[in-house]
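Presented below is the structure to which this report refers.
The values are calculated or read from the model by the stated rules, or taken from the named source; none is laboratory data. The shown structure was predicted, so the numbers you read here are calculated from the model rather than taken from an experiment. Here the Cβ positions follow ideal geometry from the backbone for every residue, glycine too, while neighbour counts run over all protein chains shown.
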Amino acid sequence: MMSVVIVGGGVAGAATALALQRAGIAAEIFEAHPSGGEDAGAFLTVMANGMGALGEIGAAEAVAAVSGPARAVSLWDAQGQHLGRRPIEGAARSVTRAALYRALQELAVSRGIPVHHGRRMTGATAGDGGVEVTFEDGGTVAGGLLVGADGIHSRTRRLIDPQAPQPRNSGQHVVYGYAPGNPAGVDPDEYHMIRGSRAFFGFTVPAGDDRTWWFARMSGGRRPVADLFRDDPTPAAAIVAATVDVVGGDSYDIPTTPHWHNDRMVLVGDAAHAATPAAAQGASMALEDAVALAAALCDHADPATAFAAYETGRRAQTEETVAASARLIDGR
(Lines give C-alpha, C1' and ligand atoms only; values in the text may rest on other atoms or scores of the structure.)
Protein backbone atom coordinates (compact mmCIF):
# COMPACT_ATOMS: atom_id res chain seq x y z
CA MET A 1 0.00 0.00 0.00
CA MET A 2 1.23 3.50 -0.85
CA SER A 3 2.36 5.52 2.20
CA VAL A 4 2.55 9.29 2.28
CA VAL A 5 4.82 11.54 4.35
CA ILE A 6 3.21 14.94 4.99
CA VAL A 7 5.45 17.76 6.20
CA GLY A 8 3.41 20.45 7.91
CA GLY A 9 0.57 19.89 10.34
CA GLY A 10 -1.46 23.03 9.72
CA VAL A 11 -4.71 23.29 7.79
CA ALA A 12 -3.33 21.86 4.54
CA GLY A 13 -1.35 19.04 6.12
CA ALA A 14 -3.97 17.78 8.55
CA ALA A 15 -6.76 18.03 5.98
CA THR A 16 -4.66 16.17 3.40
CA ALA A 17 -4.03 13.33 5.85
CA LEU A 18 -7.75 13.08 6.57
CA ALA A 19 -8.63 13.14 2.87
CA LEU A 20 -6.03 10.50 2.03
CA GLN A 21 -7.28 8.24 4.79
CA ARG A 22 -10.80 8.42 3.36
CA ALA A 23 -9.28 7.37 0.03
CA GLY A 24 -7.61 4.37 1.65
CA ILE A 25 -4.11 5.86 1.60
CA ALA A 26 -1.97 5.80 4.75
CA ALA A 27 -0.26 9.04 5.76
CA GLU A 28 1.82 10.43 8.63
CA ILE A 29 2.11 14.10 9.57
CA PHE A 30 5.43 15.64 10.60
CA GLU A 31 4.99 19.11 12.10
CA ALA A 32 7.97 21.38 12.81
CA HIS A 33 6.40 23.28 15.71
CA PRO A 34 6.07 21.62 19.10
CA SER A 35 2.52 22.90 19.60
CA GLY A 36 1.28 22.28 16.09
CA GLY A 37 1.50 25.57 14.24
CA GLU A 38 2.65 29.14 14.04
CA ASP A 39 0.65 32.35 13.81
CA ALA A 40 -1.49 31.05 16.65
CA GLY A 41 -2.78 34.49 17.64
CA ALA A 42 -4.40 35.13 14.29
CA PHE A 43 -7.92 34.23 13.20
CA LEU A 44 -9.45 33.47 9.84
CA THR A 45 -12.67 32.71 8.00
CA VAL A 46 -13.39 29.33 6.51
CA MET A 47 -15.65 30.23 3.61
CA ALA A 48 -18.43 28.06 2.19
CA ASN A 49 -16.11 26.29 -0.25
CA GLY A 50 -13.79 25.40 2.62
CA MET A 51 -16.65 24.14 4.76
CA GLY A 52 -17.77 22.03 1.81
CA ALA A 53 -14.31 20.47 1.61
CA LEU A 54 -14.38 19.82 5.36
CA GLY A 55 -17.68 18.03 4.88
CA GLU A 56 -16.11 15.75 2.30
CA ILE A 57 -13.47 14.60 4.77
CA GLY A 58 -15.84 14.30 7.71
CA ALA A 59 -14.38 17.29 9.56
CA ALA A 60 -17.09 19.96 9.29
CA GLU A 61 -18.67 19.10 12.63
CA ALA A 62 -15.34 19.24 14.47
CA VAL A 63 -14.55 22.66 13.03
CA ALA A 64 -18.07 23.99 13.64
CA ALA A 65 -17.67 23.08 17.31
CA VAL A 66 -14.68 25.45 17.73
CA SER A 67 -15.90 28.30 15.50
CA GLY A 68 -18.75 30.73 15.03
CA PRO A 69 -20.88 31.68 12.03
CA ALA A 70 -19.78 34.53 9.76
CA ARG A 71 -23.03 35.89 8.38
CA ALA A 72 -22.38 39.26 6.73
CA VAL A 73 -19.90 42.02 5.95
CA SER A 74 -20.61 45.71 6.55
CA LEU A 75 -18.34 48.39 5.08
CA TRP A 76 -17.66 51.77 6.72
CA ASP A 77 -15.57 54.79 5.76
CA ALA A 78 -13.13 56.74 7.93
CA GLN A 79 -15.92 59.10 9.06
CA GLY A 80 -18.05 56.26 10.36
CA GLN A 81 -20.52 56.39 7.47
CA HIS A 82 -22.08 53.05 6.55
CA LEU A 83 -21.32 52.24 2.91
CA GLY A 84 -23.19 48.97 2.56
CA ARG A 85 -23.80 45.46 3.79
CA ARG A 86 -23.74 42.09 2.07
CA PRO A 87 -24.47 38.60 3.36
CA ILE A 88 -21.66 36.05 3.26
CA GLU A 89 -22.83 33.24 1.03
CA GLY A 90 -23.06 29.77 2.52
CA ALA A 91 -22.10 28.44 5.93
CA ALA A 92 -18.88 30.40 6.54
CA ARG A 93 -17.22 30.18 9.97
CA SER A 94 -14.89 32.44 11.98
CA VAL A 95 -12.20 30.53 13.87
CA THR A 96 -8.85 31.19 15.48
CA ARG A 97 -5.96 29.63 13.61
CA ALA A 98 -4.88 27.73 16.74
CA ALA A 99 -8.37 26.26 17.25
CA LEU A 100 -8.56 25.16 13.62
CA TYR A 101 -5.13 23.50 13.77
CA ARG A 102 -6.03 21.78 17.01
CA ALA A 103 -9.42 20.54 15.78
CA LEU A 104 -7.99 19.03 12.60
CA GLN A 105 -4.97 17.49 14.27
CA GLU A 106 -7.03 16.00 17.10
CA LEU A 107 -9.43 14.56 14.55
CA ALA A 108 -6.51 13.03 12.66
CA VAL A 109 -5.15 11.44 15.84
CA SER A 110 -8.59 10.14 16.80
CA ARG A 111 -8.74 8.38 13.42
CA GLY A 112 -5.38 6.74 13.91
CA ILE A 113 -3.26 9.08 11.81
CA PRO A 114 0.18 9.61 13.40
CA VAL A 115 1.03 13.26 14.09
CA HIS A 116 4.65 13.95 15.08
CA HIS A 117 5.46 17.36 16.57
CA GLY A 118 8.87 19.00 16.71
CA ARG A 119 10.00 17.32 13.46
CA ARG A 120 11.36 19.96 11.09
CA MET A 121 12.28 18.65 7.64
CA THR A 122 15.74 19.57 6.37
CA GLY A 123 15.76 17.65 3.10
CA ALA A 124 14.40 14.77 1.05
CA THR A 125 15.55 12.55 -1.79
CA ALA A 126 13.34 10.76 -4.29
CA GLY A 127 13.92 7.53 -6.17
CA ASP A 128 11.97 4.90 -8.04
CA GLY A 129 10.87 3.29 -4.79
CA GLY A 130 9.73 6.41 -2.98
CA VAL A 131 11.20 9.19 -0.84
CA GLU A 132 13.48 9.47 2.17
CA VAL A 133 12.93 12.53 4.34
CA THR A 134 15.50 13.87 6.79
CA PHE A 135 14.78 16.00 9.86
CA GLU A 136 16.60 18.57 11.96
CA ASP A 137 16.86 16.10 14.83
CA GLY A 138 18.91 13.75 12.65
CA GLY A 139 16.11 11.26 12.08
CA THR A 140 14.82 9.99 8.75
CA VAL A 141 11.59 8.48 7.49
CA ALA A 142 10.78 6.69 4.24
CA GLY A 143 7.53 6.79 2.30
CA GLY A 144 6.06 6.36 -1.12
CA LEU A 145 5.30 10.08 -1.60
CA LEU A 146 6.05 13.42 0.04
CA VAL A 147 3.35 16.08 0.41
CA GLY A 148 4.71 19.54 1.13
CA ALA A 149 2.18 21.30 3.35
CA ASP A 150 4.94 23.40 4.87
CA GLY A 151 3.58 26.85 4.20
CA ILE A 152 4.59 29.95 2.33
CA HIS A 153 8.31 29.48 3.05
CA SER A 154 8.10 25.83 1.97
CA ARG A 155 11.30 23.81 1.88
CA THR A 156 9.50 21.22 -0.24
CA ARG A 157 8.89 23.84 -2.94
CA ARG A 158 12.68 24.34 -3.18
CA LEU A 159 13.30 20.60 -3.30
CA ILE A 160 10.94 20.30 -6.25
CA ASP A 161 12.34 23.38 -7.98
CA PRO A 162 15.52 25.06 -6.68
CA GLN A 163 14.60 28.10 -8.82
CA ALA A 164 11.11 28.46 -7.33
CA PRO A 165 10.15 32.09 -6.68
CA GLN A 166 10.54 33.61 -3.25
CA PRO A 167 7.39 34.89 -1.51
CA ARG A 168 6.54 38.46 -2.49
CA ASN A 169 6.12 41.10 0.22
CA SER A 170 2.76 42.78 -0.30
CA GLY A 171 3.92 45.98 1.39
CA GLN A 172 1.31 45.45 4.11
CA HIS A 173 1.77 44.70 7.80
CA VAL A 174 -1.17 42.89 9.41
CA VAL A 175 -1.87 42.94 13.15
CA TYR A 176 -4.42 40.81 15.02
CA GLY A 177 -5.88 41.38 18.47
CA TYR A 178 -8.72 40.43 20.83
CA ALA A 179 -10.53 43.00 22.95
CA PRO A 180 -12.66 41.97 25.95
CA GLY A 181 -16.39 42.23 25.44
CA ASN A 182 -18.03 44.25 22.68
CA PRO A 183 -16.74 47.85 22.90
CA ALA A 184 -18.45 48.80 19.63
CA GLY A 185 -21.84 47.39 20.68
CA VAL A 186 -22.41 45.60 17.38
CA ASP A 187 -24.49 42.52 16.59
CA PRO A 188 -22.56 39.25 16.73
CA ASP A 189 -21.39 37.18 13.75
CA GLU A 190 -21.00 40.11 11.35
CA TYR A 191 -17.71 41.49 10.02
CA HIS A 192 -17.28 45.26 10.05
CA MET A 193 -14.66 46.56 7.61
CA ILE A 194 -13.49 50.15 8.06
CA ARG A 195 -11.51 52.05 5.43
CA GLY A 196 -9.68 54.24 7.90
CA SER A 197 -7.81 57.38 6.97
CA ARG A 198 -4.45 55.73 7.66
CA ALA A 199 -5.13 51.97 7.64
CA PHE A 200 -7.77 49.32 7.09
CA PHE A 201 -9.52 47.84 10.13
CA GLY A 202 -11.83 44.85 10.44
CA PHE A 203 -13.59 43.33 13.44
CA THR A 204 -16.23 40.83 14.47
CA VAL A 205 -17.83 39.62 17.68
CA PRO A 206 -18.40 35.86 17.45
CA ALA A 207 -21.46 34.72 19.36
CA GLY A 208 -20.59 33.16 22.70
CA ASP A 209 -16.92 34.24 22.72
CA ASP A 210 -17.27 37.46 24.77
CA ARG A 211 -14.44 39.08 22.79
CA THR A 212 -14.07 41.34 19.80
CA TRP A 213 -11.71 39.84 17.22
CA TRP A 214 -9.98 42.45 15.09
CA PHE A 215 -7.24 43.02 12.56
CA ALA A 216 -5.51 46.08 11.14
CA ARG A 217 -3.81 46.23 7.76
CA MET A 218 -1.27 49.02 7.29
CA SER A 219 1.19 50.09 4.61
CA GLY A 220 4.69 51.42 5.02
CA GLY A 221 6.01 49.29 7.87
CA ARG A 222 5.14 48.80 11.51
CA ARG A 223 3.59 51.61 13.54
CA PRO A 224 1.62 51.76 16.82
CA VAL A 225 -1.84 50.56 15.84
CA ALA A 226 -3.63 52.98 18.16
CA ASP A 227 -2.06 55.95 16.36
CA LEU A 228 -3.51 54.85 13.03
CA PHE A 229 -7.13 55.19 14.13
CA ARG A 230 -6.95 57.83 16.84
CA ASP A 231 -8.43 60.62 14.70
CA ASP A 232 -11.13 58.57 12.97
CA PRO A 233 -14.68 58.72 14.43
CA THR A 234 -15.08 54.95 14.20
CA PRO A 235 -15.03 52.15 16.81
CA ALA A 236 -11.49 51.12 15.80
CA ALA A 237 -9.61 53.26 18.31
CA ALA A 238 -11.73 52.11 21.26
CA ILE A 239 -11.34 48.46 20.29
CA VAL A 240 -7.56 48.77 19.99
CA ALA A 241 -7.36 50.66 23.29
CA ALA A 242 -9.20 47.82 25.06
CA THR A 243 -6.72 45.23 23.75
CA VAL A 244 -3.73 44.10 25.83
CA ASP A 245 -1.75 41.92 23.42
CA VAL A 246 -1.46 41.96 19.64
CA VAL A 247 0.35 39.73 17.17
CA GLY A 248 1.22 40.33 13.57
CA GLY A 249 3.67 40.30 10.73
CA ASP A 250 4.29 41.32 7.16
CA SER A 251 1.95 39.94 4.52
CA TYR A 252 3.32 37.89 1.61
CA ASP A 253 1.97 36.07 -1.40
CA ILE A 254 3.22 33.95 -4.31
CA PRO A 255 1.61 34.97 -7.62
CA THR A 256 2.60 31.72 -9.31
CA THR A 257 4.61 28.59 -8.55
CA PRO A 258 5.91 27.14 -11.83
CA HIS A 259 6.27 23.57 -10.56
CA TRP A 260 3.82 22.08 -8.05
CA HIS A 261 5.29 18.58 -8.17
CA ASN A 262 7.85 16.12 -9.43
CA ASP A 263 7.38 12.35 -9.69
CA ARG A 264 7.32 11.81 -5.90
CA MET A 265 6.72 15.19 -4.26
CA VAL A 266 3.75 17.56 -4.43
CA LEU A 267 2.66 20.85 -2.85
CA VAL A 268 -0.62 21.77 -1.15
CA GLY A 269 -1.93 24.95 0.46
CA ASP A 270 0.32 27.99 0.88
CA ALA A 271 3.33 26.01 -0.30
CA ALA A 272 1.74 26.01 -3.77
CA HIS A 273 -0.32 29.23 -3.89
CA ALA A 274 -0.01 31.63 -0.97
CA ALA A 275 -2.44 34.59 -0.98
CA THR A 276 -2.61 37.68 1.18
CA PRO A 277 -5.34 37.55 3.86
CA ALA A 278 -7.54 40.09 2.07
CA ALA A 279 -9.65 37.56 0.13
CA ALA A 280 -10.11 35.32 3.20
CA GLN A 281 -9.54 32.22 1.08
CA GLY A 282 -6.18 30.81 2.23
CA ALA A 283 -7.58 28.11 4.51
CA SER A 284 -10.43 27.26 2.18
CA MET A 285 -8.11 26.81 -0.80
CA ALA A 286 -5.90 24.51 1.27
CA LEU A 287 -8.90 22.40 2.26
CA GLU A 288 -9.99 22.11 -1.36
CA ASP A 289 -6.43 21.08 -2.30
CA ALA A 290 -6.59 18.21 0.19
CA VAL A 291 -9.78 16.82 -1.32
CA ALA A 292 -8.56 17.28 -4.90
CA LEU A 293 -5.19 15.61 -4.27
CA ALA A 294 -6.76 12.57 -2.60
CA ALA A 295 -9.24 12.22 -5.47
CA ALA A 296 -6.46 12.42 -8.07
CA LEU A 297 -4.43 9.73 -6.30
CA CYS A 298 -7.53 7.54 -6.28
CA ASP A 299 -8.13 8.06 -9.98
CA HIS A 300 -4.56 7.49 -11.19
CA ALA A 301 -2.25 4.65 -10.18
CA ASP A 302 0.87 6.53 -11.27
CA PRO A 303 1.68 9.32 -8.74
CA ALA A 304 3.16 11.68 -11.33
CA THR A 305 0.02 11.41 -13.44
CA ALA A 306 -2.13 11.98 -10.35
CA PHE A 307 -0.10 15.03 -9.37
CA ALA A 308 -0.43 16.49 -12.86
CA ALA A 309 -4.21 16.00 -12.80
CA TYR A 310 -4.42 17.59 -9.35
CA GLU A 311 -2.41 20.61 -10.49
CA THR A 312 -4.43 21.01 -13.68
CA GLY A 313 -7.64 21.04 -11.67
CA ARG A 314 -6.44 23.54 -9.08
CA ARG A 315 -3.90 25.93 -10.63
CA ALA A 316 -6.11 28.38 -12.52
CA GLN A 317 -8.62 28.86 -9.71
CA THR A 318 -6.01 29.34 -7.00
CA GLU A 319 -3.91 31.76 -9.05
CA GLU A 320 -7.01 33.82 -9.81
CA THR A 321 -7.76 34.01 -6.09
CA VAL A 322 -4.18 35.02 -5.25
CA ALA A 323 -4.38 37.79 -7.85
CA ALA A 324 -7.79 38.96 -6.61
CA SER A 325 -6.49 39.16 -3.05
CA ALA A 326 -3.51 41.22 -4.21
CA ARG A 327 -5.87 43.62 -5.95
CA LEU A 328 -7.84 44.05 -2.72
CA ILE A 329 -4.62 44.94 -0.91
CA ASP A 330 -3.79 47.50 -3.62
CA GLY A 331 -7.29 48.96 -3.44
CA ARG A 332 -8.07 48.13 -7.07
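Assorted remarks:
- When ALA23 is tested against (1) modelled with pLDDT of 95 or more; (2) buried (at least 23 other Cβ atoms within 10 Å of the Cβ), just one condition goes unmet, and that condition is (2).
- Among residues of segment 185-198 being part of a strand (DSSP E or B) and within 22 Å of the chain's Cα centre (by Cα), the one that is surrounded by the fewest Cβ atoms within 10 Å (Cβ to Cβ) is MET193.
- Pairs, first touching a residue at least 12 places away in the same chain (Cβ under 8 Å) and within 30 Å of ARG223 (Cβ to Cβ) in segment 249-277, second among the charged types (D, E, K, R) and outside any loop (DSSP other than H, G, I, E, B), C-beta under 6 Å, six or more apart: ASP253/ARG168; ALA274/ASP253; ALA275/ASP253; THR276/ASP253
- Any hit, segment 148-161, residues being more than 30 Å from LEU20 (Cα to Cα), in contact with a Gly (Cβ under 7 Å, 6 or more places away or on another chain) and surrounded by 21 or more Cβ atoms within 10 Å (Cβ to Cβ): no
- From the list SER35, SER3, the one residue that fits, being modelled with pLDDT under 95, surrounded by fewer than 24 Cβ atoms within 10 Å (Cβ to Cβ) and farther than 30 Å from TRP214 by Cβ, is SER3.
- Complete set of residues in segment 102-138 that are surrounded by fewer than 17 Cβ atoms within 10 Å (Cβ to Cβ), farther than 25 Å from ILE57 by Cα, among the small types (Gly, Ala, Ser) and under 26 Å from the mean Cα position of the chain (by Cα): GLY118, GLY123
- When ALA324, ALA286 are checked against the criterion of being assigned to a helix (DSSP H, G or I), surrounded by 24 or more Cβ atoms within 10 Å (Cβ to Cβ) and within 19 Å of the chain's Cα centre (by Cα), a single residue qualifies: ALA286.
- Within segment 159-182, the set of residues being within 30 Å of ALA207 (Cα to Cα) and assigned to a loop (DSSP other than H, G, I, E, B) comprises GLY181, ASN182.
- Residue within segment 205-216 that is over 25 Å from the mean Cα position of the chain (by Cα) and among the small types (Gly, Ala, Ser) present: no
- PHE201 meets the stated requirement of being surrounded by 13 or more Cβ atoms within 10 Å (Cβ to Cβ), of a type in the set (Phe, Trp, Tyr) and within 22 Å of the chain's Cα centre (by Cα).
- Scanning segment 289-313 for residues that are charged (D, E, K, R) and in contact (Cβ under 8 Å) with a residue 40 or more places away in the chain, we see that the one that is farthest from ALA53 (Cα to Cα) is GLU311.
- Number of residues in segment 193-209 that are within 27 Å of SER219 (Cβ to Cβ) and either assigned by TED's automatic domain parsing to the domain that holds PHE43 or touching a residue at least 40 places away in the same chain (Cβ under 8 Å) (or both) equals 6.
- Residue in segment 220-268 that is farthest from the chain's Cα centre (by Cα), counting only those that are in a loop (DSSP other than H, G, I, E, B) and of a type in the set (A, V, I, L, M, F, W, C): ALA242
- Total residues in segment 289-303, condition farther than 12 Å from VAL266 by Cβ and surrounded by 21 or more Cβ atoms within 10 Å (Cβ to Cβ): 1
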